[in-house]
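Accompanying notes for the structure given below.
The values are calculated or read from the model by the stated rules, or taken from the named source; none is laboratory data. As the structure is a computational prediction, the values presented were derived from the model and not from experiment. As a convention, Cβ positions derive from the backbone with ideal geometry for all residues, glycine included, and neighbour counts pool all protein chains shown. Remember, those area values only see protein heavy atoms, side chains included, never the ligands or the DNA or RNA. Shrake-Rupley method; radii C 1.70, N 1.55, O 1.52, S 1.80 Å.
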Amino acid sequence: MTEPCLKVSDLHVMYDLGSNGFGKRKRLHAVNGASFEIAAGETLGLVGESGSGKSTIGLSIMRLIEPWSGKVTLGGTDVTGVGRKDVRTLRRRMQMVFQDPYSSLNPSMTVEQLLEEPLIIHRDLPKAERSAMVGQMLESVGLHAGYAVRYPHEFSGGQRQRIAIARAMILHPELVVLDEPVSALDVSTQSQILNLLKAIQAGSGTAFLLVAHDLAVVRLMSPNVAVMYLGEIVEAGPSGRVYDAPAHPYTAALISAVPFPDPERQRTATRIILKGDLPSPLNPPSGCRFRTRCPFAMEICAKETPPAVPVEGGGTAACHLHAHGPKLAGRSLMPFIKERLAGG
Ligand code: SF4
């Protein structure tokens, strides 16, 4: 079997918030046992509300946040087990693009300096060769090579994100973590950047972990998706199956909130309204973490954490409805939801 580009196994991330005043440590469990894989050249979309832990996963894969436990491997190399010095070497193989192109580029550096920096750190190349690579890289992201002498403030938001992508790609990494790469951009610029990312991936074979809250962006970019709620992956699988036949109530609610362009379809669409706000990750609900907002919660949901069960059409869902109650046994939740809503 081929080694996946990225393998994340039972990843836990905790933030130590200090003592609670009685000598006990207060800890926020931001990621609770996340596991997934990404094949070379593929994209996995990680979706969820803000505070679901999706960005924390990206940052801990990069070791910008230290995982509490679990294992991350990149092309078979243990990322979590290496010392700080070796992490620096690994950064040559994995890069990150951040949400805000306004703050992720050092304003005092020219574009040439920004793109050259990873080459200086990781590759021993003569200046002329570095400059040529910078020019080529700029052109490959749709910018003129002559822009290398300019500073970030001289560019629009979309152009800055192109520069950030060029900087991430200049070392030909195996993996790029894209953390909300288009959410700070206007809609028409968003689609240009998404098309650019697709073209770059087709040409380079780089794997992407796309962290996003926008389901439409993830569907467009990712053949596979994982849905996070309060630090846990509640559903995962091929995007087509997850979007058309969700098997977890939270996924179904997220998808039902996406508006249809067709007004008639919008009028007749099944909507699932979630009650309440996202609970505090400092004090998550017992059993299923989604139970305080789930319209289908049962007694068992407060007592037992639902195991992830295989779903028809691929992937998994962690919900007791598949073994208890209506016994969905890995089938889509939608017929059950429609029946429930029609029957009251
Ligand atoms: Fe809802 Fe229970 Fe399923 Fe959680 S396990 S999503 S509370 S039905």
Original post:
Here is a list of conditions, (1) at pLDDT 90 or above; (2) open to solvent by 90 Å² or more (accessible area, probe 1.4 Å); (3) part of a helix (DSSP H, G or I), and A302 meets all of them except one; can you say which number that is?
Top reply: (2)
Subject >> Inter-residue pairs, beta-carbon under 9 Å, first touching a residue at least 12 places away in the same chain (Cβ under 8 Å) and in region 292-311, second assigned to a helix (DSSP H, G or I) and of a type in the set (D, E, K, R), 6+ apart >> reply: P295/R340; F296/R340; V311/R241
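Among the residues of region 278-292, what is the count of those that are within 23 Å of the chain's Cα centre (by Cα) and either within 11 Å of the ligand (Cβ to nearest atom) or among the hydroxyl-bearing types (S, T, Y) (or both)?
The initial filter retains those residues of region 278-292 that are within 23 Å of the chain's Cα centre (by Cα), namely 278-282, 284, 288-290.
With the extra rule that they be either within 11 Å of the ligand (Cβ to nearest atom) or among the hydroxyl-bearing types (S, T, Y) (or both), the set shrinks to 280, 288-290.
Qualifying residue count, region 278-292: 4.
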Original post:
If you take the residues of region 267-285 that are open to solvent by less than 60 Å² (accessible area, probe 1.4 Å) and among the polar types (S, T, N, Q), which of them is farthest from L333 (Cα to Cα)?
Top reply: S280
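When you check F208 against the structure, is it among the aromatic types (F, W, Y), assigned by TED's automatic domain parsing to the domain that holds G58 and either modelled with pLDDT of 95 or more or not in a strand (DSSP E or B) (or both), yes or no? It would help to see each step written out before you state the result.
Values: among the aromatic types (F, W, Y): yes; assigned by TED's automatic domain parsing to the domain that holds G58: yes; either modelled with pLDDT of 95 or more or not in a strand (DSSP E or B) (or both): yes.
In short, yes.
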Original post:
Quick check, is T2 over 12 Å from L209 (Cβ atoms) and of a type outside the set (D, E, K, R)?
Top reply: yes
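Does E116 count as part of a strand (DSSP E or B), at pLDDT 95 or above and open to solvent by 10 Å² or more (accessible area, probe 1.4 Å)? Working first, answer last.
Numbers: part of a strand (DSSP E or B): no; at pLDDT 95 or above: yes; open to solvent by 10 Å² or more (accessible area, probe 1.4 Å): yes.
Considered against the rule, which asks whether it is part of a strand (DSSP E or B), at pLDDT 95 or above and open to solvent by 10 Å² or more (accessible area, probe 1.4 Å), E116 comes out as no.
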**OP:** Check whether at least one residue in region 237-257 is among the hydrophobic types (A, V, I, L, M, F, W, C), in a loop (DSSP other than H, G, I, E, B), within 11 Å of the ligand (Cβ to nearest atom) and open to solvent by less than 60 Å² (accessible area, probe 1.4 Å), and report yes or no.
**Re:** yes
Original post:
So which of D86, D179 is within 24 Å of E37 (Cα to Cα) and either touching a strand residue (DSSP E or B) at 6+ places or on another chain (Cβ under 6 Å) or not assigned by TED's automatic domain parsing to the domain that holds H213 (or both)?
Top reply: D179
Original post:
If R219 passes every condition in (1) open to solvent by 50 Å² or more (accessible area, probe 1.4 Å); (2) part of a loop (DSSP other than H, G, I, E, B) but one, which one does it miss?
Top reply: (2)
